[in-house]
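This report refers to the structure that appears directly beneath it.
Readers should treat all values here as calculations from the given coordinates under stated rules, not as data from a laboratory. Quantities reported herein were computed from a predicted structural model and do not represent experimental measurements. Note that we place each Cβ from the backbone using ideal geometry, even for glycine, and neighbour counts take in every protein chain shown.
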Amino acid sequence: MASMRDIKRRKVSIQSTQQITKAMKLVSTVKLQRAKNRAENSRAYFQSMYETVTGIMRRSGHIDHPYMQPNGSDKKGVVVVTSNRGLAGGYNSNIVRLITGTEWDKEDISLYTIGKKGRDILKRRGYNVVDDRSDVIEEPIYADAIELSEDLLRAYRDGEIGEIYIAYTNFKNTVSHVPTLLKLLPVDVESTAEEIEDIKSDEVSQKQALMNYEPDDVDALDMIIPKYVTSIIYGALIQAVASENGARMQAMDSATSNAEEMIGSLELQYNRARQGHITQELTEIIGGAEALNA
């Protein structure tokens, strides 16, 4: 059995850790409220943007446009959104598993990382990080998404990558965060049709009609697709920030509760050790007194 001094020292150490986890939980809670409001307020716009643009592209038929046709490259450009700090439960590891769990060859993946944790883990596992913008996740703004979108689309036009994906954590609510791997370009017509919500029967003929562009399909897509990619990236960043703070708040709450349980267990051990020590001393005193009287 551990000595009373060891038990007391461990108890003090856990109490110090508990104070830290409590403070981190409070900070994460405050940050979550702000991030949650941004995520919920922007969710409808970005979902509508994704469904509308992919629906347009799905009904456009064959258009000879760089963004609408495969460019022959097997490379996949993947934007990986994680955090710069840990202590957030499985938040970062879930995104890493999205990448490592695919059947893609490492040589065919070009990573655009946002977040030091995901960048470092994937680098150690042999993935190629072509661009890192970890500072963006601290306070995402639309201009950051524009810059990243321009770089991705330039690489796509130049044939450096043949597909564009984004891996992020979708914020459902405070306790539910869903790791998501979303394909941005080129649009998969069949899967997109399954993702878009079913429409009313009287709108089917209109929905299935080919899209007409005015004045020109190429000029229209040159404007629409960059805005679409930028909006999805920015929406993913907003969702990821809310998910990160929610995951950290949950992790710190669990850590605080576990520390409380450990402190209670150590108090019992300390009291038992103390009682045993007192009993031993009494036994020695009584034994010594009997020896003197003998």
Phi-based couplings in Hz for region 170-176 (Karplus 6.51, -1.76, 1.60; Gly and Pro marked x): 7, 8, 8, 7, 4, 10, 10
Can you give the relative contact order of the chain as a percent, counting alpha carbon pairs under 8 Å and 6+ residues apart? 32
Once you've got the Cα coordinates, tell me which of Lys123/Lys183; Lys25/Lys172; Lys11/Lys31 are over 27 Å apart. Lys11/Lys31
Over the Cα atoms of the chain, compute the convex hull volume and normalise it per residue, giving Å³. 172
Please tell me the relative contact order of region 1-132 in percent, rounded to the nearest whole number, where contacts are Cα pairs under 8 Å and at least six residues apart. 19
Glu284-Ser176 FRET efficiency (beta carbon distance; Förster radius 51 Å; 0.05 resolution): 0.25
Cβ neighbours within 10 Å, averaged per peptide: list 158-167, 7-16 in order, most packed at the top. 158-167, 7-16
Per the helix-only calculation at 222 nm, which mean residue ellipticity applies to the chain, given -39500 (n - 2.57) for every DSSP H run of n ≥ 4 and division by its residues, nearest 500 deg cm²/dmol? -21500 deg cm²/dmol
Taking neighbour Cβ counts within 10 Å as the exposure measure, how do Val130, Val96, Val30, Val175 sort from fewest upward? Val175, Val30, Val130, Val96
Expressed in nm to one decimal, what extension gain is obtained for the pair Ser265 and Ala23 from 0.36 nm per residue of sequence separation less their Cα-Cα distance? 84.8 nm
Go through region 1-108 and name the GluC sites (Glu not before Pro) that are in a DSSP coil and have 13 or fewer other Cβ atoms within 10 Å of their Cβ. Glu103
Is any helix in the chain, taking whole DSSP H runs, at least 27 angstrom long along its axis by alpha carbon and on average at least 0.0 on the Kyte-Doolittle scale, and which ones? none
Nearest 5 percent is fine: what portion of the DSSP beta bridges confined to the chain is antiparallel? 40
